[in-house]
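Participant: After the structure tokens below, expect a handful of questions from me.
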Amino acid sequence: MENTNSKIAGIKIPAKLKNILSTHTSLITFIAMLIFLGVITNGAALRIGSLQNLVVAEAVRAFAALGVGMIIITRGIDLSLGQVIGLSACVASSFSQTADYNSALYAGQEFALWVPVVAGITVGALFGLFNGILVAYGNIPPFIATLGSMSIARGFKLIYTQASTLGSLKNEYKVISQGFLGPIPYLLLYVLVAAFVIWVLMNHTKQGKSIYAIGGNAMAAKVSGINVKAQLVRVYLYAGILYGIAGILLSARLGLANPLTGNDMELDAIAAVTVGGISHAGGVGTVGGMMIGLMTLGLINFGMTFLGVNSYFQLLVKGGIIILAVYMDMRKHSRKE
Amino acid sequence: MKKFLVLLAMVSVLFVSCQKKEAAAPEAKVEEKKEEIVIGALIRNTDEQFVADYADVLKGLAADAGVTLKLQDSRGDMAAQLDQMNTLLVQGVKHFVVVANVSEATEDMAKAIHAKGGSAAFSNIQPSVEALKVGPNFFLASSPETVAGTFQAQILDEYFTANPEKMANGDPDAIDAVFIYGQLGHPAQVYRTNAVKQGLIDAGYKLNVVAEDTANWKPSEAQSKMDAWISAYGGEFDVVIANNDGMALGAVESLITNGYMDDPNDPTKDIDGDGLVLSIPVVGVDATQVAVKAMDEKKLLGTVLQDAVGQATTAFELAMMMATEGSAAGKSAWGIAPLTAPIAEAPANDAAIVGQCYLVPFKAVTMSNYKEFMQ
């Protein structure tokens, strides 16, 4: 993956150590933090239960990060993801409530397990397609286009749920997220599969190369024969599908969805991939980076909760780390220029 | 890909190595627990004044009792609250005070805590009946949100009974109301709103909703919403009903600047004798000090005290009883005895778990008693 990276940046760093340090900054940071947390809690924070919690807590965000990470590589952004995930969670939940629950949205009706899954993914895919068309064919800046669709998704969420909570989800639905295979949470398996699929897409397909090329220089990509518009729509669509899955997993994990579900998740996901070295200047970033960024922020969240750090200070620490990550990224790029 | 594989390998190694460590640890843990009492507090969102007060009361109680309080603020995020609960459970915390984000999540929370042999007192946000049925060590220590709405309706009923001419705007046979909601979908928004609407209808009024929208608990948003509504529906409404005091006071400011006063030239004069200097009554919930002061200035008709001290103390005492005595069955907390018969409202409407319900009273703050609430 690093090879792809340096090819795009068009440079080769001579010193081996320097190379390792700069390309693995986020990984090294993550490991250092893991060790630090392990030491100050005498290993308590690294017990299996803790690690399971960490993985479960970050799994839904991982899907969001993979989606928005791809979009940021095309030099785009997606502010709608939190609301789309929330809407998908609400729609999926509405089809998985127990039939005898009086306050169910479709009280008295029993749906097969595939119904909420298909419905949730469809919601995500439709919004992804919508965003993609606005950005690619409408030429609306991604920030504005997705700001609009964020509000639309939020509106749909409130209208669909009638502003109430969709609870009492069936156990067979909740197991999707709450199940374990031995000590390994199902959620971890889904994340590994999704990350692998996106990794193959980004690194071993023509489309992946196009995505990097568009982010690096859209005009050059167009001249070299890439159908930029079609590729952009696809990226947003894929991201939408990932958000749809995230919505399903989130509602299955919580055992409910309500109009607040998914709020602010865009910030967490964008922050995670930024910390993971996905450049907002476009064309640079790896799937591994996205996941490491995610786990780094997750570890910070988890560590501060574990140590009982006041939640207001947690916001300061998180904000500081994001700014630092972007600053480092900008510095790296300005040096290259 | 290399990074990814390294990470994967690392996580797997940690999973395996840590599993062994945990297997060896339990004996040491048991000894630790005897030394100190630890209470976990899972708190919805301390950005809200009431919840912040609640958290402060808990901290004070824990300090006085000399116990360790592990307080986690989830800032309104249900997923974060679950993560925090799991973290505390892993740390060996057993007894909890829970101000949940969502009622519907309480059953799963109760199950997770029950699986570790723990207990929880659900407070402020009502747990579901199913959550209390998880075991006898799960309690309700709260004031049902709907009661706040019902008190708002009572305050308005008294007002319109004494001043029937105040219903003359819009439809003269109906109460033409403007509603300002908190964050849509927030339990307090949903329950308070439904209850005040139902309360007015039950009192025999025809209710006409002229305008309704959220101001997200914020005074400034409420003020601009109100400004817009006055332009659109000026003169067509009889009352402003807000889900909290902050938004009620935002509406009061808007009414004042738009001249909805008995005497626009003198903001201290009550000409029509209804007890207010405003020509339109406004009600809120929370009984914040600013609101009580506004009542003293005859700008706000009424509010409802949600007792942070009462709720937090009741919940804390239940958690302490569980931690020290292992049971709270039949005992009083903060002088409140468990219910003996079901009430109309969930979850205390289920006979099987009424003994686990401790109802902390709400108090209506009216023109006749507000002075008692001034600090």
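Participant: When the chain is fully extended, how far beyond the present Cα-Cα distance does A:Asn102 get from A:Trp114, taking 0.36 nm per residue of separation?
Facilitator: Using 0.36 nm per residue and subtracting the Cα-Cα distance, I get 2.1 nm.
Participant: What number, rounded to the nearest 500 deg cm²/dmol, is the helix-based mean residue ellipticity at 222 nm of chain B, given -39500 (n - 2.57) per DSSP H run of at least four residues and division by all its residues?
Facilitator: -14000 deg cm²/dmol, from helical runs alone.
Participant: Continuing with this model, one more query. Report the Cα centroid-to-centroid distance between segment B:163-229 and segment B:276-329 in angstrom, as an integer.
Facilitator: 21 Å
Participant: Same structure again: Could you work out the Kirkwood radius for segment A:143-256, taking every pair of different alpha carbons, averaging 1/r and inverting it, reported in Å?
Facilitator: 17.0 Å
Participant: Please state the shape class of segment A:179-337: rounded when a/c is under 1.5, otherwise prolate if a/b exceeds b/c and oblate if not, all from the C-alpha gyration tensor.
Facilitator: oblate
Participant: At q = 0.20, 0.21, 0.22, 0.25 Å⁻¹, what base-10 log of I(q)/I(0) does the Debye formula yield for segment A:251-337 when every alpha carbon is treated as an equal point scatterer in vacuo?
Facilitator: The calculated log intensity ratios at q = 0.20, 0.21, 0.22, 0.25 Å⁻¹ are -1.00, -1.06, -1.11, -1.23.
Participant: Can I ask one more? Taking DSSP loops as anything outside H, G, I, E and B, show the longest stretch in chain B free of GluC sites (Glu not before Pro) there with at most 14 other beta carbons within 10 Å.
Facilitator: It works out to B:37-296.
Participant: Separate question: Pull up the DSSP beta bridges for the protein assembly as shown and report the antiparallel fraction as a percent, rounded to 5.
Facilitator: 20 percent
Participant: I'd like the per residue volume of the convex hull spanned by the Cα atoms of segment B:220-375, given in cubic angstrom.
Facilitator: Values: hull volume 23.1 nm³, N = 156.
Measuring per residue, one finds 148 Å³ for the Cα hull of segment B:220-375.
Participant: Follow-up question, since we're still on this one. For a test of the definition: using alpha carbon positions, the gyration tensor, and the 1.5 limit on a/c, classify segment B:272-321 as rounded, prolate or oblate.
Facilitator: Prolate, because a/c is 1.5 or more and a/b exceeds b/c.
Participant: May I pose another question? Using a ≥ b ≥ c from the Cα gyration tensor of segment B:47-200 (square roots of the eigenvalues), is it rounded, prolate or oblate, where a/c under 1.5 gives rounded and otherwise the larger of a/b and b/c decides, a/b for prolate? All intermediate terms of the calculation are to be shown ahead of the outcome.
Facilitator: Values: a/c = 2.78, a/b = 2.40, b/c = 1.16.
Prolate is the answer for segment B:47-200, as a/c is 1.5 or above and a/b outweighs b/c.
Participant: Count charges around A:Asn131 for me, please; just the other residues with Cβ under 15 Å from its Cβ, Lys/Arg as +1, Asp/Glu as -1. Don't skip to the end; give the middle numbers.
Facilitator: Working: positive: A:Arg75, A:Arg154, A:Lys229, A:Arg234; negative: A:Asp78, A:Glu266.
With Lys, Arg at +1 and Asp, Glu at -1, the net is +2.
Participant: Further, regarding this structure: Over 32 Å between C-alpha atoms is what I'm after, so list which of A:Lys16/A:Lys222; A:Lys318/B:Lys363; B:Lys225/B:Lys293; A:Lys170/B:Lys363 land there.
Facilitator: Long pairs (Cα-Cα over 32 Å): A:Lys16/A:Lys222; A:Lys318/B:Lys363; A:Lys170/B:Lys363.
Participant: Now for a different question. In whole angstrom, note down how far apart the Cα centers of segment A:245-322 and segment A:130-157 are.
Facilitator: Measuring centre to centre over Cα atoms gives 22 Å.
Participant: While we're on this one: Given 10 °C and 1.306 mPa s, compute D for chain A with the Stokes-Einstein relation, Rh being the Kirkwood radius over Cα pairs; round to the nearest whole µm²/s.
Facilitator: 77 µm²/s
Participant: To continue, here is another question. Below 8 Å between Cα atoms, with a sequence gap of 6+, how large is the relative contact order for segment B:174-262 in percent?
Facilitator: Values: 141 pairs, mean separation 34.7, N = 89.
39 percent.
Participant: Here's another thing I want to ask about it. If I build a Gaussian network model for chain B, linking alpha-carbon pairs within less than 10 angstrom, which residue out of B:Gln306, B:Gln356, B:Gln183 has the largest mean-square fluctuation?
Facilitator: B:Gln183
Participant: Distance between the C-alpha centers of segment A:59-109 and segment B:336-370? Whole Å please.
Facilitator: Taking the Cα centre of segment B:336-370 as reference, the centre of segment A:59-109 is 37 Å away.
Participant: Roughly what % of DSSP beta bridges within chain B run antiparallel, to the nearest 5?
Facilitator: Antiparallel bridges: around 10 percent, rounded to the nearest 5.
Participant: Shifting gears a bit: When the convex hull of the C-alpha atoms of segment B:202-310 is computed, what volume per residue in Å³ does it have?
Facilitator: 122 Å³
Participant: For the protein assembly as shown, which whole-number percentage of the solvent-accessible area (1.4 Å probe, protein heavy atoms only) is attributable to carbon and sulfur atoms?
Facilitator: The value for the protein assembly as shown is 60 percent carbon and sulfur by accessible area.
Participant: Need the per-residue list for segment A:52-71: every residue with at least 30 Å² less accessible surface in the complex of protein chains than in the chain by itself, probe 1.4 Å, sorted by number.
Facilitator: A:Asn53
Participant: So for chain B, averaging the separation of alpha carbon pairs under 8 Å that are six or more residues apart and normalising by length, what relative contact order in percent results?
Facilitator: So the answer I get is 16 percent.
Participant: Can you compute the label reach from B:Ala232? Point 7 Å from Cα along the Cβ direction, backbone N cut-off under 17 Å, restricted to segment B:172-199.
Facilitator: Flagged as within label range: B:176-182, B:184.
Participant: Which value at 222 nm does chain A reach when only helices count, each DSSP H run of 4 or more adding -39,500 (n - 2.57), with the total divided by all residues and rounded to the nearest 500 deg cm²/dmol?
Facilitator: Here the helix-only value at 222 nm equals -24000 deg cm²/dmol.
Participant: Hey, can you find the accessible area per residue of segment A:203-330 for me, probe 1.4 Å, expressed in square angstrom?
Facilitator: Details: 4560 Å² over 128 residues.
Ligands and nucleic acids excluded, the figure is 36 Å² per residue.
Participant: A further question follows. More than 35 Å apart: what percent of Cα pairs in chain B qualify? Spell out each step's value before the answer.
Facilitator: Values: 24378 of 70125 pairs.
For chain B, the fraction of Cα-Cα distances above 35 Å is 35 percent.
Participant: Would you mind computing, in nm to one decimal, how far apart the modelled labels at B:Ala168 and B:Lys269 are, each placed 7 Å from Cα along Cα→Cβ?
Facilitator: Inter-label distance under the simple model: 1.8 nm.
Participant: Could I ask something else about it? Among A:Val60, A:Val68, A:Val193, whose mean-square fluctuation peaks in a Gaussian network model of chain A (Cα, cutoff 10 Å)?
Facilitator: A:Val193
Participant: Pop the C-beta distance of B:Gln289 and B:Ala115 into the FRET formula with R0 = 51 Å and round what comes out to the nearest 0.05.
Facilitator: It comes to 0.75.
Participant: Right, next: Can you tell me what percent of all Cα-Cα pairs in the protein assembly as shown are more than 50 Å apart?
Facilitator: For the protein assembly as shown, the fraction of Cα-Cα distances above 50 Å is 19 percent.
Participant: Which percent, nearest 5, of DSSP beta bridges in segment B:220-375 are antiparallel?
Facilitator: So the antiparallel bridges amount to about 55 percent of the total.
Participant: For the pair B and A, how large is the buried accessible area, both sides, in square angstrom to the nearest 100, if the probe is 1.4 Å?
Facilitator: Result for this pair: about 4200 Å² buried.
Participant: Considering the Cα positions of segment B:143-241, please state its Rg to one decimal place and its Dmax as a whole number of Å.
Facilitator: When restricted to the Cα atoms of segment B:143-241, Rg and Dmax are 13.3, 37 Å.
Participant: Take chain B, connect every pair of alpha-carbon atoms lying under 10 Å apart with a spring to form a Gaussian network, then pick out the residue of B:Asp47, B:Asp262, B:Asp56 with the largest mean-square fluctuation.
Facilitator: It is B:Asp47.
The values are calculated or read from the model by the stated rules, or taken from the named source; none is laboratory data. Small disclaimer: the values here were computed from a predicted structure and weren't measured. When we count neighbours, we look across all protein chains shown, and the Cβ atoms used for this are built from the backbone with ideal geometry, even at glycine. Just the protein is used for accessible areas: all its heavy atoms, side chains included, with ligands, DNA and RNA removed. Shrake-Rupley method; radii C 1.70, N 1.55, O 1.52, S 1.80 Å.
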